[in-house]
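The values are calculated or read from the model by the stated rules, or taken from the named source; none is laboratory data. Model, not experiment: these values are computed from the prediction. Don't worry about glycine lacking a Cβ; one is built from the backbone with ideal geometry, like all the others, and counts go over all protein chains shown.
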Amino acid sequence: MRALCLDFERRTVAEAVIPDPPPPGPGEALLHIREVGVCATDRELTRFRFGQPPPGESLLALGHEALAQVAACGPGVETLRPGSWVVPMIRRACPGPCPSCAQGRYDLCRTDGYLERGITRAHGYFTRQAVDPVHALIPVPPQLVNVAVLAEPLSVVEKAIDTGLRAHPLEPRSACVVGAGPVGLLAAFSLLTRGFQVQTVSLEPDDHSRVQLLRRAGVPYTRTAPTGRFDLVLEASGSRDAAHAALDCLAPCGVLVLIGAPNPGLAVPGIRMVVDNLTVTGIVNAARSHFDAAFSTLARIPRHWLDSMIERRPQAAWRESFASAAAVPKIVHPIEPA
(Lines give C-alpha, C1' and ligand atoms only; values in the text may rest on other atoms or scores of the structure.)
Protein backbone atom coordinates (compact mmCIF):
# COMPACT_ATOMS: atom_id res chain seq x y z
CA MET A 1 0.00 0.00 0.00
CA ARG A 2 1.09 3.57 -0.57
CA ALA A 3 2.37 5.73 2.26
CA LEU A 4 4.13 9.05 2.75
CA CYS A 5 7.64 8.00 3.69
CA LEU A 6 11.09 9.14 4.64
CA ASP A 7 13.67 7.40 2.44
CA PHE A 8 16.79 7.18 4.58
CA GLU A 9 18.97 5.99 1.68
CA ARG A 10 18.07 8.82 -0.69
CA ARG A 11 17.35 11.37 2.09
CA THR A 12 14.07 12.29 0.45
CA VAL A 13 10.39 12.46 1.39
CA ALA A 14 7.99 10.92 -1.08
CA GLU A 15 5.03 8.64 -1.52
CA ALA A 16 6.21 5.04 -1.65
CA VAL A 17 4.94 1.49 -1.29
CA ILE A 18 5.19 -0.34 2.04
CA PRO A 19 3.82 -3.81 2.82
CA ASP A 20 0.14 -4.18 3.63
CA PRO A 21 -0.45 -4.89 7.31
CA PRO A 22 -1.13 -8.54 8.22
CA PRO A 23 -4.55 -9.65 9.45
CA PRO A 24 -5.06 -8.69 13.08
CA GLY A 25 -3.89 -11.29 15.57
CA PRO A 26 -5.16 -11.96 19.09
CA GLY A 27 -5.75 -8.69 20.92
CA GLU A 28 -5.21 -6.62 17.77
CA ALA A 29 -7.35 -4.49 15.46
CA LEU A 30 -7.04 -3.59 11.80
CA LEU A 31 -7.51 0.14 11.34
CA HIS A 32 -8.67 2.29 8.45
CA ILE A 33 -6.79 5.56 8.91
CA ARG A 34 -9.13 8.51 8.46
CA GLU A 35 -7.04 11.58 9.40
CA VAL A 36 -3.42 12.43 10.14
CA GLY A 37 -2.20 15.63 11.79
CA VAL A 38 1.11 17.31 11.01
CA CYS A 39 3.28 18.83 13.74
CA ALA A 40 6.76 20.27 14.30
CA THR A 41 8.12 16.79 15.02
CA ASP A 42 7.08 15.69 11.52
CA ARG A 43 8.82 18.70 10.00
CA GLU A 44 12.00 17.90 11.92
CA LEU A 45 11.79 14.32 10.72
CA THR A 46 11.57 15.43 7.08
CA ARG A 47 14.84 17.27 7.62
CA PHE A 48 16.37 13.97 8.83
CA ARG A 49 17.39 15.44 12.18
CA PHE A 50 16.25 12.27 13.91
CA GLY A 51 14.07 9.22 13.27
CA GLN A 52 14.79 5.63 12.33
CA PRO A 53 13.14 3.22 9.88
CA PRO A 54 12.02 -0.25 10.98
CA PRO A 55 14.95 -2.70 11.29
CA GLY A 56 16.14 -3.91 7.91
CA GLU A 57 14.20 -1.24 5.99
CA SER A 58 15.15 2.09 4.44
CA LEU A 59 11.65 3.62 4.48
CA LEU A 60 9.71 5.04 7.42
CA ALA A 61 6.04 5.90 6.93
CA LEU A 62 5.34 9.23 8.62
CA GLY A 63 2.37 10.26 10.75
CA HIS A 64 1.91 9.84 14.50
CA GLU A 65 -1.18 11.99 15.15
CA ALA A 66 -4.00 9.88 13.79
CA LEU A 67 -7.71 9.24 13.86
CA ALA A 68 -8.86 5.81 12.67
CA GLN A 69 -11.82 3.47 12.45
CA VAL A 70 -11.65 -0.18 13.35
CA ALA A 71 -12.02 -2.32 10.23
CA ALA A 72 -11.66 -5.76 11.83
CA CYS A 73 -10.83 -7.24 15.22
CA GLY A 74 -8.59 -10.16 16.01
CA PRO A 75 -9.48 -13.01 18.37
CA GLY A 76 -10.23 -12.05 21.94
CA VAL A 77 -11.03 -8.38 21.28
CA GLU A 78 -14.13 -7.39 23.21
CA THR A 79 -13.72 -3.66 23.86
CA LEU A 80 -13.87 -2.55 20.21
CA ARG A 81 -15.86 -3.51 17.16
CA PRO A 82 -15.76 -2.67 13.45
CA GLY A 83 -16.71 0.96 12.97
CA SER A 84 -15.39 2.11 16.35
CA TRP A 85 -13.46 5.39 16.23
CA VAL A 86 -10.03 5.31 17.91
CA VAL A 87 -6.88 7.37 18.39
CA PRO A 88 -3.69 5.29 18.55
CA MET A 89 -0.98 5.96 21.09
CA ILE A 90 2.50 6.49 19.65
CA ARG A 91 4.96 4.53 21.75
CA ARG A 92 5.28 0.76 22.10
CA ALA A 93 7.15 -1.18 24.80
CA CYS A 94 10.85 -1.97 24.65
CA PRO A 95 11.58 -5.70 24.17
CA GLY A 96 12.80 -6.26 27.74
CA PRO A 97 10.48 -4.99 28.87
CA CYS A 98 11.96 -2.50 31.31
CA PRO A 99 10.09 -1.93 34.62
CA SER A 100 8.25 1.10 33.20
CA CYS A 101 7.11 -0.65 30.04
CA ALA A 102 6.09 -3.71 32.06
CA GLN A 103 3.64 -1.44 33.91
CA GLY A 104 2.28 0.05 30.68
CA ARG A 105 4.19 3.32 31.09
CA TYR A 106 5.88 3.21 27.71
CA ASP A 107 6.26 6.99 27.92
CA LEU A 108 8.69 6.43 30.82
CA CYS A 109 10.73 3.71 29.08
CA ARG A 110 14.14 3.34 30.73
CA THR A 111 15.88 2.05 27.61
CA ASP A 112 16.16 3.24 24.02
CA GLY A 113 14.51 0.08 22.71
CA TYR A 114 10.95 1.41 22.44
CA LEU A 115 9.17 1.89 19.13
CA GLU A 116 7.32 5.05 18.11
CA ARG A 117 4.87 4.91 15.24
CA GLY A 118 5.98 7.29 12.51
CA ILE A 119 9.13 8.31 14.40
CA THR A 120 11.34 5.51 15.66
CA ARG A 121 11.59 2.02 14.13
CA ALA A 122 7.87 1.65 13.38
CA HIS A 123 5.78 2.82 10.43
CA GLY A 124 3.34 5.64 11.05
CA TYR A 125 -0.18 6.35 9.93
CA PHE A 126 0.16 8.48 6.79
CA THR A 127 -1.19 5.53 4.87
CA ARG A 128 -4.44 3.65 4.38
CA GLN A 129 -4.32 0.87 6.98
CA ALA A 130 -2.47 -0.25 10.10
CA VAL A 131 -2.66 -2.97 12.73
CA ASP A 132 -2.29 -2.12 16.40
CA PRO A 133 -2.76 -3.86 19.74
CA VAL A 134 -6.04 -2.88 21.33
CA HIS A 135 -4.28 -1.65 24.48
CA ALA A 136 -2.67 1.09 22.32
CA LEU A 137 -6.02 2.35 20.99
CA ILE A 138 -8.07 5.02 22.76
CA PRO A 139 -11.82 4.94 22.02
CA VAL A 140 -13.18 8.27 20.77
CA PRO A 141 -16.49 9.59 22.12
CA PRO A 142 -18.82 10.09 19.13
CA GLN A 143 -19.32 13.79 19.85
CA LEU A 144 -15.55 14.40 19.66
CA VAL A 145 -14.73 12.62 16.39
CA ASN A 146 -14.29 15.89 14.45
CA VAL A 147 -11.64 17.17 16.88
CA ALA A 148 -10.16 13.84 18.01
CA VAL A 149 -7.01 14.34 15.94
CA LEU A 150 -6.04 16.91 18.61
CA ALA A 151 -6.01 14.23 21.31
CA GLU A 152 -2.39 13.18 20.79
CA PRO A 153 -0.83 16.65 21.17
CA LEU A 154 -3.24 17.37 24.01
CA SER A 155 -2.15 14.14 25.75
CA VAL A 156 1.36 15.59 25.96
CA VAL A 157 -0.08 18.76 27.48
CA GLU A 158 -2.05 16.70 30.01
CA LYS A 159 1.13 14.89 31.02
CA ALA A 160 2.95 18.22 31.41
CA ILE A 161 0.20 19.66 33.61
CA ASP A 162 -0.06 16.46 35.65
CA THR A 163 3.72 16.49 36.17
CA GLY A 164 3.72 20.16 37.17
CA LEU A 165 0.85 19.77 39.64
CA ARG A 166 2.47 16.77 41.31
CA ALA A 167 5.79 18.60 41.59
CA HIS A 168 4.36 21.78 43.10
CA PRO A 169 4.36 21.65 46.93
CA LEU A 170 1.32 23.93 47.33
CA GLU A 171 -1.82 24.69 45.29
CA PRO A 172 -0.76 26.47 42.10
CA ARG A 173 -3.27 28.91 40.64
CA SER A 174 -1.36 30.93 38.04
CA ALA A 175 0.27 29.64 34.88
CA CYS A 176 2.26 30.91 31.93
CA VAL A 177 2.51 29.11 28.59
CA VAL A 178 5.57 29.89 26.48
CA GLY A 179 4.84 29.31 22.81
CA ALA A 180 1.63 29.69 20.79
CA GLY A 181 1.84 26.68 18.52
CA PRO A 182 -0.77 23.92 18.73
CA VAL A 183 0.69 22.53 21.96
CA GLY A 184 0.88 26.01 23.50
CA LEU A 185 -2.71 26.80 22.55
CA LEU A 186 -3.99 23.49 23.88
CA ALA A 187 -2.01 24.05 27.08
CA ALA A 188 -3.61 27.46 27.60
CA PHE A 189 -7.10 26.06 26.96
CA SER A 190 -6.56 23.08 29.25
CA LEU A 191 -5.30 25.29 32.07
CA LEU A 192 -8.30 27.59 31.62
CA THR A 193 -10.66 24.65 32.05
CA ARG A 194 -8.91 23.95 35.37
CA GLY A 195 -9.54 27.48 36.64
CA PHE A 196 -5.97 28.77 36.27
CA GLN A 197 -5.12 32.38 35.57
CA VAL A 198 -3.23 31.93 32.29
CA GLN A 199 -0.90 34.10 30.24
CA THR A 200 0.78 33.17 26.95
CA VAL A 201 4.12 34.46 25.68
CA SER A 202 5.26 33.92 22.10
CA LEU A 203 6.68 35.74 19.06
CA GLU A 204 3.62 35.91 16.80
CA PRO A 205 2.52 39.46 15.90
CA ASP A 206 -0.66 40.79 17.49
CA ASP A 207 -2.73 40.29 14.32
CA HIS A 208 -1.70 36.61 13.93
CA SER A 209 -4.61 34.14 13.82
CA ARG A 210 -3.25 32.21 16.80
CA VAL A 211 -3.03 35.36 18.90
CA GLN A 212 -6.57 36.29 17.91
CA LEU A 213 -7.74 32.84 18.99
CA LEU A 214 -6.06 33.27 22.38
CA ARG A 215 -7.69 36.66 22.85
CA ARG A 216 -11.12 35.33 21.92
CA ALA A 217 -10.56 32.76 24.64
CA GLY A 218 -9.69 35.53 27.11
CA VAL A 219 -6.00 34.59 27.46
CA PRO A 220 -3.64 37.58 27.89
CA TYR A 221 -0.84 37.52 25.32
CA THR A 222 2.53 39.26 25.15
CA ARG A 223 5.51 39.16 22.80
CA THR A 224 7.88 40.46 25.46
CA ALA A 225 8.74 39.12 28.90
CA PRO A 226 5.86 37.66 30.92
CA THR A 227 4.17 40.10 33.26
CA GLY A 228 4.34 38.79 36.81
CA ARG A 229 5.43 35.54 38.43
CA PHE A 230 3.73 32.20 37.96
CA ASP A 231 3.25 29.01 39.93
CA LEU A 232 3.40 26.82 36.83
CA VAL A 233 5.18 27.53 33.56
CA LEU A 234 4.91 25.27 30.50
CA GLU A 235 7.65 25.83 27.93
CA ALA A 236 6.30 24.70 24.55
CA SER A 237 8.47 26.63 22.10
CA GLY A 238 11.71 24.64 22.20
CA SER A 239 13.72 27.87 22.38
CA ARG A 240 16.62 28.17 24.83
CA ASP A 241 16.03 31.91 25.24
CA ALA A 242 12.36 31.29 25.89
CA ALA A 243 13.21 28.61 28.45
CA HIS A 244 15.50 31.06 30.27
CA ALA A 245 12.71 33.64 30.28
CA ALA A 246 10.38 30.96 31.65
CA LEU A 247 12.78 30.32 34.52
CA ASP A 248 12.91 34.02 35.32
CA CYS A 249 9.13 34.27 35.70
CA LEU A 250 8.72 31.42 38.19
CA ALA A 251 7.21 32.37 41.53
CA PRO A 252 8.66 30.87 44.72
CA CYS A 253 7.88 27.12 44.80
CA GLY A 254 7.18 27.36 41.07
CA VAL A 255 7.54 24.52 38.58
CA LEU A 256 8.85 24.80 35.01
CA VAL A 257 7.89 21.91 32.72
CA LEU A 258 9.82 21.64 29.46
CA ILE A 259 7.68 20.28 26.64
CA GLY A 260 9.90 21.63 23.88
CA ALA A 261 13.55 20.63 23.79
CA PRO A 262 15.88 23.64 24.12
CA ASN A 263 19.11 23.05 22.23
CA PRO A 264 21.74 23.93 23.32
CA GLY A 265 20.89 23.19 26.91
CA LEU A 266 19.39 25.29 29.66
CA ALA A 267 21.57 26.91 32.33
CA VAL A 268 19.85 26.45 35.69
CA PRO A 269 20.33 29.17 38.36
CA GLY A 270 21.42 26.96 41.24
CA ILE A 271 21.20 29.42 44.13
CA ARG A 272 17.74 30.67 43.16
CA MET A 273 16.57 27.08 42.66
CA VAL A 274 17.50 26.37 46.28
CA VAL A 275 16.34 29.62 47.88
CA ASP A 276 12.97 29.70 46.07
CA ASN A 277 12.29 25.94 46.12
CA LEU A 278 12.01 25.82 42.32
CA THR A 279 11.55 22.69 40.20
CA VAL A 280 12.55 22.21 36.56
CA THR A 281 11.45 19.03 34.83
CA GLY A 282 10.80 17.72 31.34
CA ILE A 283 8.34 15.32 29.74
CA VAL A 284 8.02 13.33 26.54
CA ASN A 285 5.20 11.28 25.08
CA ALA A 286 2.14 10.37 27.17
CA ALA A 287 0.51 7.47 29.00
CA ARG A 288 -2.96 6.10 28.43
CA SER A 289 -4.24 8.08 31.43
CA HIS A 290 -3.12 11.27 29.70
CA PHE A 291 -5.00 10.34 26.53
CA ASP A 292 -8.09 9.72 28.64
CA ALA A 293 -7.56 13.11 30.29
CA ALA A 294 -7.15 14.69 26.85
CA PHE A 295 -10.63 13.55 25.80
CA SER A 296 -12.10 14.83 29.06
CA THR A 297 -10.48 18.19 28.39
CA LEU A 298 -11.59 18.27 24.74
CA ALA A 299 -15.15 17.86 25.97
CA ARG A 300 -14.77 20.92 28.23
CA ILE A 301 -13.06 23.28 25.76
CA PRO A 302 -15.56 25.33 23.73
CA ARG A 303 -15.94 23.62 20.38
CA HIS A 304 -15.47 26.78 18.31
CA TRP A 305 -11.99 27.24 19.84
CA LEU A 306 -11.03 23.72 18.75
CA ASP A 307 -12.61 24.04 15.30
CA SER A 308 -10.63 27.26 14.78
CA MET A 309 -7.41 25.34 15.36
CA ILE A 310 -7.88 22.86 12.52
CA GLU A 311 -7.44 23.24 8.77
CA ARG A 312 -8.07 20.15 6.65
CA ARG A 313 -6.12 19.84 3.41
CA PRO A 314 -6.22 17.23 0.64
CA GLN A 315 -3.88 14.30 1.10
CA ALA A 316 -1.94 15.33 -2.01
CA ALA A 317 -1.07 18.72 -0.46
CA TRP A 318 1.37 17.20 2.04
CA ARG A 319 4.44 19.02 0.64
CA GLU A 320 3.18 22.42 1.73
CA SER A 321 2.18 21.09 5.15
CA PHE A 322 5.60 19.60 5.84
CA ALA A 323 7.54 22.57 4.45
CA SER A 324 6.70 25.09 7.16
CA ALA A 325 4.28 25.87 9.97
CA ALA A 326 0.95 27.35 8.90
CA ALA A 327 -1.00 30.27 10.34
CA VAL A 328 -3.67 27.80 11.45
CA PRO A 329 -2.27 25.78 14.37
CA LYS A 330 -3.08 22.26 13.22
CA ILE A 331 -2.96 21.00 9.64
CA VAL A 332 -4.89 17.75 9.17
CA HIS A 333 -4.93 15.51 6.12
CA PRO A 334 -7.93 13.22 5.58
CA ILE A 335 -6.70 9.89 4.20
CA GLU A 336 -8.39 8.96 0.96
CA PRO A 337 -9.76 5.41 0.73
CA ALA A 338 -8.22 3.05 -1.80
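A few points about this structure:
- Just one of the listed residues (R166, R173) is basic (K, R) and within 20 Å of A287 (Cα to Cα), and it is R166.
- The single condition among (1) surrounded by 14 or more Cβ atoms within 10 Å (Cβ to Cβ); (2) among the small types (G, A, S); (3) under 21 Å from L306 (Cβ atoms) that G195 does not meet is (1).
- Residue count for the stretch 39-76, restricted to those that are over 20 Å from M1 (Cβ atoms) and within 13 Å of the chain's Cα centre (by Cα): 3
- Tabulated pairs, the stretch 211-239, first over 14 Å from A187 (Cβ atoms), second β-branched (V, I, T) and assigned to a loop (DSSP other than H, G, I, E, B), C-beta under 8 angstrom, 6+ apart or interchain: P220/T227
- So Y106, is it closer than 23 Å to E57 by Cβ, free of Cβ contacts under 8 Å to residues at least 40 places away in the same chain, of a type outside the set (A, V, I, L, M, F, W, C) and in contact with a strand residue (DSSP E or B) (Cβ under 9 Å, 6 or more places away or on another chain): no
- Residue satisfying all of: in the stretch 205-236; at pLDDT below 90 and in contact with a helix residue (DSSP H, G or I) (Cβ under 8 Å, 6 or more places away or on another chain); nearest to N277 (Cα to Cα) among these: P226
- Qualifying residue in the stretch 122-137 (condition: surrounded by 18 or more Cβ atoms within 10 Å (Cβ to Cβ), of a type in the set (A, V, I, L, M) and touching a helix residue (DSSP H, G or I) at 6+ places or on another chain (Cβ under 8 Å)): no
- Any hit, the stretch 185-196, residues being in a strand (DSSP E or B) and either in contact with a strand residue (DSSP E or B) (Cβ under 9 Å, 6 or more places away or on another chain) or in the same structural domain as N277 (by TED's automatic domain parsing) (or both): no
- Of the strands (runs of 3 or more DSSP E) entirely within the stretch 46-134, those holding at least 3 residues that are assigned by TED's automatic domain parsing to the domain that holds D7 and under 25 Å from A294 (Cα atoms) occupy 65-73, 85-88, 115-117, 129-133.
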